Amino acid sequence: MNHFRSTLANDENDMSTPAGIIPQEGEGTREGAHFHAKRVLILFAHPRFEKSRVNRALISTLPASDTLTLHDLYELYPDYNIDVETEKQLLLAHDILIWHHPFYMYSAPAIMKQWLDLVLEYGWAHGAGGDFLKDKTAFNVITTGGTREAYRSDGFNRFTIREFLCPFEQTARLCKMTYLPPFTVQGTYRLTDGELSRHAADYAFLLQQLGADAYSREEMEQFAFLNDWIEAKKRTQGP
Amino acid sequence: MTEGFLFQALIYLTAAIVCVPIAKRLGMGSVLGYLLAGIAIGPYALGFIGREGQDIMHFAEFGVVMMLFLIGLELEPSHFWRLRHRILGMGSAQIIVTSLALCAGMMLMNFNWKTALASSLALAMSSTAIVLQSMKEKGLGDTEAGKSSFSVLLFQDIAVIPILALLPLLAVSTGHGMGAPSKAILEGLPGWLQTAAVLGAGGAVVLAGRFVIVPFLRVVAKTHLRELLTAAALLIVIATAFLMQLVGLSPALGAFLAGVVLANSEFRHELESDIEPFKGLFLGLFFIAVGASINFKLLVDSPMQIISLVFAVIAIKTIVLLGTGKLFKITVDQNLIFAVGLSQVGEFAFVLFGFMHQLHILPDHLTDIMMAVTAFSMTITPLLLFINERFILLRFGTLEESGKEADIIDVQHPVIIAGFGDFGSTIGRFLRANGIAATILDNDSDRVDLLRKMGFKVFYGDAARTDILKSAGADEARVLITAVAAPSTNCDLVEKIQKHYPHLTIMVRVKDREDAYEILDMGVRDVYRESLDTSIRLGVDVLVKLGYRRYSATRAGQNFLKYDEAALLELAPHRHDEKSYIYNAREQITLQEQLLANDREVNPTINDHAWESDLRKDQEGDR
């Protein structure tokens, strides 16, 4: 899986991710290129990645790209001592920010909240003079044990995923970023291997489209989940 | 006088066990304790032992032999190489200048030049036994003074060979006859043959060390009988000493040589721990014998002569040593420790004077006087060190910056750190980085100087002394951290503080589990094993290198730390269930066994299933 960028310094094992560097400003926007490449940052947080079948599948099929960075928070900050300066530089070097995490107690694992609280500083990300993230794009990629049907007003969990993600949505808005619908892998306990690899392929497809800037925001916003947008897109593109 | 081995042993041991703890309690060190014990049981006080003290002394000189063997063992070539300038430079400067000064003085007093030269060479020697022992007890081994003392002493010990070789030449020219029967088979042989024999013996020791002793030790080790290895260690020392005596050399030197040769063998630590207790006992015996053999009659008959001689010798030696130290740029207070420490006449002087007497270089009367001077100077050394430390150095250490100190004292320093080595200084730096001022106590004056320059509030001195604690502001402080490396010092300190400053929170650095128990037993709860966190951190990194996720490994480390601390407290009371006489090493093993058994029962990470989704698979079906 040595094909996308990672902010980790070693690749001694498959649980962590291979070495890489932050893409430089202007990289991938070659003169004469017929598209404007978007740089995508995956902020990944899973406290037990090694035990997560679903997330291992998603991460291991990330597409090869110079403009995709995987940033593994638990591996980098096992003591929760997040290096704010590094994180800010990382954000500045990317256009699209993905909060990729399992859905724990209807929210993200603790380190993700720590990251939000520490990195999105007043005066930098929001508030007076806080324009550094302006016009970037953000959305969540989440895995849930419950199925999509369980997350409905008449379902087991009584609220929709989108409702539970309100804090993220408003945080993105606060930081003047565009917030897209989530990409979800749900009902993870019952997923067959075939279903799982289809989800992983969808995620890879999504990242490719994002990187190639081959998407329309307005189009995406019409769907409750990016999964549905992918399906529609694939249908129109044909097999 | 009641004779018999048992009675003698009873007297010596009782004297030692009564006097040494008293001397230690008074802060005077064990050497003075032994000497006082000797004086007490000697012919001029209680009279338990008479002139046979002299014979005991010859026997007990064996302690010196063992000590040099151990010094040799501890002397790694690299260490020697680092100190080479000091050993050669300071050592030769001290011996040559001291001998010349003393020789000139004695010739002015109308001594014959040969007698004067021979005696002054002997008087230039300092006592390795006393100085190293005292330095070790005061924890000064790694200071400038300690290293310089060691270097000079080492040079002196080596210089004994040529001096012993030189003495017969002085005697030949006075035309001595074969008076006293001597054990040395070489006596009477021409000088070149003696020299050849000396070199041959030295070579034999080196070769034997390389090619005989180590293979021999391997065979012995295979038997797995501990006492056999002890016997072998003793055999090595005794055999070397015997060989050396045979050719008329100092047994101590032979042993030193054997030690150096064996320093690189795999048996080094084994030999060290086997010989150590014997050395301690024999040295103690040696000092007792020195105390007992002091001829107080001579002192009563001509007190002025002896006293003035003793002080003249000490004064000359001190001045020369101070000069040497200055030449080698030792700071003033370190130089004082160094010079005063080495100002006495050493145990080799007994050997040399004995030899001179045999060779008729020294007449009977003079030999007695010289022996008395040597013994007295050794006796007052611990006293001089004591005075130096308590009155002169203290003034020196704090006077330097007294102007500054007065205003710093007004500042409230909530933390006192005793011991500012690597451990303590890290704490100090951390606290300072967080705006907490700490008062530091340390007994390495060089370090004290440096720290003062860096703006730390530092007090020079032994933290276990209440007057120093008081001046460091123990009354106002809230926390006292003992970061001293030596466990015994920590215990001492904790005891003092609990008694005099009960309001202070004591936080203790301890070496290992055993030490931790000792401190826990004293009622201190804040105990920090110095390598625990580091070894767990390393273990965490091992897990990561083996492919664990860093966060899981970190949690495993945190859990283990918590569990291990809890196990420490839990096992602490059980420690006393064991019969108290259990050999220390055995106790360690038992403890490790208990720990391992516990580890099997409660694996702190095996039950950590946080965030594992597999487990919930079965229950989630209905969603």
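The values are calculated or read from the model by the stated rules, or taken from the named source; none is laboratory data. Since the model is a prediction, treat every value here as computed from it, not as a measurement. Heads up, the Cβs are rebuilt from the backbone with ideal geometry, glycines too, and the neighbour counts pull from every protein chain shown.
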Completion exercise
So, first residue within 14 Å of chain B (Cβ to nearest Cβ) in the range A:173-195, second residue part of a helix (DSSP H, G or I) and among the acidic types (Asp, Glu), Cβ within less than 7 Å, six or more apart or across chains; the pairs are A:Tyr189/B:Glu620
Exercise for the section: Could you tell me whether the range A:129-138 includes any residue that is more than 14 Å from chain B (Cβ to nearest Cβ), more than 22 Å from A:Ser65 (Cα to Cα), of a type outside the set (D, E, K, R) and free of Cβ contacts under 8 Å to residues at least 24 places away in the same chain? Expected result: yes
Handout entry: Those helices (runs of 4 or more DSSP H) lying entirely in the range B:237-349 with at least 1 residues in contact (Cβ under 8 Å) with a residue 40 or more places away in the chain, in contact with a helix residue (DSSP H, G or I) (Cβ under 7 Å, 6 or more places away or on another chain) and within 22 Å of B:Leu207 (Cβ to Cβ)
Key = B:251-262, B:268-293
Exercise for the section: Quick one: in the range A:33-76, of everything that is within 21 Å of A:Phe103 (Cβ to Cβ) and hydroxyl-bearing (Ser, Thr, Tyr), which residue is farthest from the other protein chains (Cβ to nearest Cβ)? Expected result: A:Thr61
Handout entry: Sole residue being within 25 Å of A:Gln89 (Cα to Cα) and in contact with a strand residue (DSSP E or B) (Cβ under 7 Å, 6 or more places away or on another chain), chosen from A:Leu165, A:Leu174
Key = A:Leu174
Problem - Residue that is farthest from the chain's Cα centre (by Cα) [pool: residues in the range A:45-74 that are among the β-branched types (Val, Ile, Thr) and in a helix (DSSP H, G or I)] - result: A:Val54
Completion exercise
Scanning the range B:207-230 residue by residue, the ones that are closer than 23 Å to B:Leu281 by Cα and in contact with a helix residue (DSSP H, G or I) (Cβ under 8 Å, 6 or more places away or on another chain) total 3
Handout entry: Members of the range B:111-156 that are of a type in the set (A, V, I, L, M) and outside any helix (DSSP H, G or I)
Key = B:Met125, B:Leu140
Exercise for the section: Say whether the condition of being closer than 28 Å to A:Asp213 by Cβ, away from every other protein chain (no Cβ under 14 Å) and at pLDDT 95 or above is met by at least one residue in the range A:101-112. Expected result: no
Handout entry: Residues being at pLDDT below 85 and either surrounded by 23 or more Cβ atoms within 10 Å (Cβ to Cβ) or not aliphatic (A, V, I, L, M) (or both) - total across the range B:98-114
Key = 5
Practice task
Could you tell me whether any residue of the range A:87-99 is buried (at least 22 other Cβ atoms within 10 Å of the Cβ) and within 14 Å of chain B (Cβ to nearest Cβ)?
Solution key: no
Fill in the blank from the handout: Filtering the range B:433-478 for residues that are in contact (Cβ under 8 Å) with a residue 12 or more places away in the chain and not in a loop (DSSP other than H, G, I, E, B) leaves a count of 20
Practice task
Starting from residues that are within 14 Å of another protein chain (Cβ to nearest Cβ) and in contact with a strand residue (DSSP E or B) (Cβ under 8 Å, 6 or more places away or on another chain), keep the ones in the range A:139-154 and report whichever is surrounded by the fewest Cβ atoms within 10 Å (Cβ to Cβ).
Solution key: A:Arg148
Problem - Which numbered condition A:Asn81 fails, given (1) polar (S, T, N, Q); (2) free of Cβ contacts under 8 Å to residues at least 40 places away in the same chain; (3) at the interface with another protein chain (Cβ under 8 Å from one of its Cβ atoms) - result: (3)
Handout entry: Residue in the range A:118-141 that is under 14 Å from the mean Cα position of the chain (by Cα) and either assigned to a helix (DSSP H, G or I) or under 30 Å from B:Gln558 (Cβ atoms) (or both) present
Key = yes
Exercise for the section: Name every residue in the range B:538-565 that is among the charged types (D, E, K, R) and loosely packed, with under 13 Cβ neighbours inside 10 Å, in order of residue number. Expected result: B:Lys545, B:Lys562
Exercise for the section: Could you list, in sequence order, all residues of the range B:244-299 that are on the phi > 0 side of the Ramachandran plot and either charged (D, E, K, R) or at pLDDT 80 or above (or both)? Expected result: none
